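Since the structure comes first, as structure tokens, the remarks are kept for the end.
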Amino acid sequence: MLMTERLLGLSERELRQAIEPYAEEFIRRDSDDDALSESSHQLVNKGIEAAAHIPAVKFIVDTTLRLVNRPEIESTLPKEVYERQAVASIAAERIASTALESGYITAYYVTNPYLDSDVGLHSGIGKKYLGILGGAPFADTRVVAGGAFKLLTQASWLEDDPIEIIKRSRGLLVVSQIDKQKAKLAEQFLGVPYAEGVHFMGKKGEMGLELTFTDSTREAIRLLFRGSGCPAGRIALAGANGSTLLQQYWEKIVDYLLPADATTEGFGAE
């Protein structure tokens with residue numbers, strides 16, 4: 001049973017009050033936000049219309065993390081990685097719905113000199129779809145980080161901290177480029193709810209041991225690409241040194257999904 005009552009027990013009014021200061025900060029923008037907005041607009045002009053949603057997705061991911069990491073909520077969360085991801089995804093859906101209904105996201109676009117011309121593209125997005133986009137980075141990270149964590153914690157010879165190894169293993173983010181219409185097929189191949197250990201291999205990186213996918217797994221994953229994966233995971237942003245939004249939030253999401261006492265053993269247990 002998911003321990004989400006405290007989070008989901010927030011009324012719409014309470015949720016609106018909780019995210020209001022984050023929304024006001026979002027609307028004010030800073031130089032990093034402007035760089036992201038400009039990069040998104042440039043991509044829209046190149047025909048990549050999904051880039052118009054990236055600033056809104058950033059707000060949802062950032063607000064979700066800030067909300068679930070509040071002490072009064074974090075203390076109620078489960079330790080199972082899959083369940084923590086489920087909580088974050090539900091929170092992202094609630095935040096997307098409330099932010100759209102309250103006008104926060106529209107206000108960001110219409111007052112943003114880089115995005116005001118893109119508001120038409122973004123305004124047609126539904127609450128549920130925006131919530132899915134905001135929750136996708138957590139789900140994609142759960143598959144690979146949970147699988148890597150399960151593998152590494154079973155390696156008695158390992159001296160490095162498993163979570164630090166996972167944070168260094170950014171190559172695993174390739175899963176976010178999988179066509180979401182093929183998500184079920186990808187899960188069947190990789191493993192549910194975590195990627196099986198057979199798909200991983202170690203390599204020496206600049207900062208130490210990293211995990212990556214085996215050549216055969218990487219090739220199989222590429223066959224599932226079709227340009228409609230998670231925008232936060234597949235669209236590189238010039239204003240962020242060529243990184244995707246998910247790459248920017250990778251370590252924060254890993255920290256949330258993998259607390260010191262995280263477990264990957266409880267899924268499916270009675």
Subject >> Where a label projected 7 Å from the Cα of residue 111 along Cα→Cβ would reach, residues of segment 30-70 with amide N under 12 Å >> reply: 30
**OP:** Give the span of the chain's Cα atoms along each principal axis, as three whole-Å numbers ordered largest to smallest.
**Re:** 55, 42, 33
Subject >> Rg and Dmax [Cα atoms of segment 79-184; Å; Rg one decimal, Dmax integer] >> reply: 17.8, 56
Subject >> Cα Rg over Rh - segment 1-97, Kirkwood >> reply: 1.05
Subject >> log₁₀ of I(q)/I(0) at q = 0.12, 0.28 Å⁻¹ - segment 157-228, Debye sum with one point per alpha carbon >> reply: -0.35, -1.33
Original post:
Any idea what the relative contact order of the chain is, in percent, if you count C-alpha pairs under 8 Å spaced at least 6 apart?
Top reply: 24
Subject >> Within a Gaussian network of the chain (alpha carbon springs, distance under 10 Å), most fluctuating of 145, 107, 195 >> reply: 107
**OP:** Choose one answer from 117, 243, 89: the residue with the largest mean-square fluctuation in a GNM of the chain with alpha-carbon springs under 10 Å.
**Re:** 117
Original post:
chymotrypsin sites (Phe, Trp or Tyr not before Pro) within segment 128-166: which are DSSP loop residues with at most 15 other Cβ atoms inside 10 Å?
Top reply: 157
**OP:** Grab the Cα-Cα distance for residue 129 and residue 243, subtract it from 0.36 nm times how many residues apart they are, and report the gain in nm with one decimal.
**Re:** 38.7 nm
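Read-outs throughout are calculated quantities, based only on the coordinates presented, and are distinct from any laboratory measurement. All of these numbers come straight from a predicted model, not from anything done at the bench. Cβ coordinates were reconstructed from backbone atoms using ideal geometry, including for glycine residues, and neighbour counts include every protein chain displayed.
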